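> My questions all concern the structure below.
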Amino acid sequence: MISKKVLFTKKILYLIFGIFLILLIFNIKSHERRKMSKIETKFSQEKLNIKINNSQFEVEIARTEFERQIGLSGKSEINESEGMVFMFDRPDRACFWMKDMKFNLDILWFDTDQKLIFIQKNLSPESYPNSYCPPKNAQFVVELLPGKVDPKLGDRLEIQKQK
């Protein structure tokens with residue numbers, strides 16, 4: 001027969017082991033968050049100049065899947081002449097949403113010939129989880145502050161020399 005003292009000791013050991021596991025899991029999750037934060041601040045440092053309707057912008061480039069998922073959502077604001085261009089390896093459906101955004105955007109979709117095929121103006125963060133998809137595949141997508149360009153279907157995206 002096991003004494004009450006031995007049972008009590010076993011319970012205490014299980015409790016200590018459980019607390020240790022919880023702290024270990026919390027530490028791993030915390031480390032992952034810090035690691036993600038470092039990655040997010042490093043991505044998208046590559047920029048180029050684009051021109052739409054004689055309006056020029058310096059945009060960050062989102063080329064990888066990770067960069068495209070994050071987009072501008074990590075920023076609290078951007079300057080009037082800034083934005084982001086999403087470059088796809090091949091034409092894609094390229095649906096966008098406003099998840100985790102902190103400011104409104106105009107989103108412009110361009111085909112492989114860099115002609116504007118779809119426009120969504122002044123999208124707000126509150127529109128999430130709605131998705132916005134062009135009627136046909138796009139090769140480039142540009143996000144800008146609302147009203148910084150007056151786009152019309154067929155307008156061309158001019159990509160200028162990289163910095």
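The values are calculated or read from the model by the stated rules, or taken from the named source; none is laboratory data. On a predicted model such as this, the values are computed, not experimentally measured, just so you know. Because the Cβ atoms are built from the backbone with ideal geometry, glycine has one as well, and the counts that use them run over all protein chains shown. We work out accessible area using only protein heavy atoms, side chains counted, and drop any ligands, DNA or RNA first. Shrake-Rupley method; radii C 1.70, N 1.55, O 1.52, S 1.80 Å.
> Enter the accessible area of Lys152 (Å², nearest 10), with the probe set to 1.4 Å and all protein chains included.
Taking all protein chains as shown, Lys152 has close to 110 Å².
> Follow-up question, since we're still on this one. Compute the label zone of Cys95 within the range 118-157: residues whose backbone N is under 16 Å from the point 7 Å along Cα-to-Cβ.
Output list for this probe position: 127-138.
> Run lengths n ≥ 4 of DSSP H only: what is the helix-derived mean residue ellipticity at 222 nm for the chain, with -39500 (n - 2.57) per run over all residues, to the nearest 500?
Mean residue ellipticity at 222 nm (helix-derived): -9500 deg cm²/dmol.
> Not counting ligands, DNA or RNA, and with a 1.4 Å probe, what is Cys133's accessible surface area in Å² rounded to the nearest 10?
40 Å²
> How would Met87, Met98 line up by accessible area, probe 1.4 Å, largest first?
Met87, Met98
> I would also like to ask the following. If Arg90, Arg68 are ordered by their accessible area, calculated over protein heavy atoms with a 1.4 Å probe, which sequence runs from highest to lowest?
Largest accessible area first, the list is Arg90, Arg68.
> Under a GNM of the chain (C-alpha, springs under 10 Å), which listed residue has the highest mean-square fluctuation: Gly74, Gly83, Gly18?
Result for the chain, Cα springs under 10 Å: Gly18 fluctuates most.
> Now a separate question. Keeping all protein chains in position, work out how much accessible area Thr112 exposes to a 1.4 Å probe, and write it in Å² to the nearest 10.
Here the residue's solvent-accessible area equals roughly 80 Å².
> Take peptides 154-160, 104-110, 47-53 and line them up by average Cβ neighbours within 10 Å, highest first, as a rough protection proxy.
Going from most to least packed, we get 104-110, 47-53, 154-160.
> Output the antiparallel fraction of DSSP beta bridges having both residues in the chain, as a percent to the nearest 5.
Beta bridges within the chain, antiparallel portion: roughly 85 percent.
> Using a 1.4 angstrom probe with every protein chain in place, what is the largest-first accessible-area order of Tyr14, Tyr128?
My answer, sorted largest first, is Tyr14, Tyr128.
> Separate question: What is the distance, in nm, between label points placed 7 Å from the Cα along the Cα-to-Cβ direction at Leu15 and at Ser73?
Simple spin-label model gives 4.1 nm for this pair.
> In square angstrom, what is the accessible area per residue of the chain with a 1.4 angstrom probe?
66 Å²
> Rounded if a/c is under 1.5, else prolate if a/b is larger than b/c, else oblate: which is the chain, with a ≥ b ≥ c the root eigenvalues of its Cα gyration tensor?
It is prolate, given that a/c is not under 1.5 and a/b is the larger ratio.
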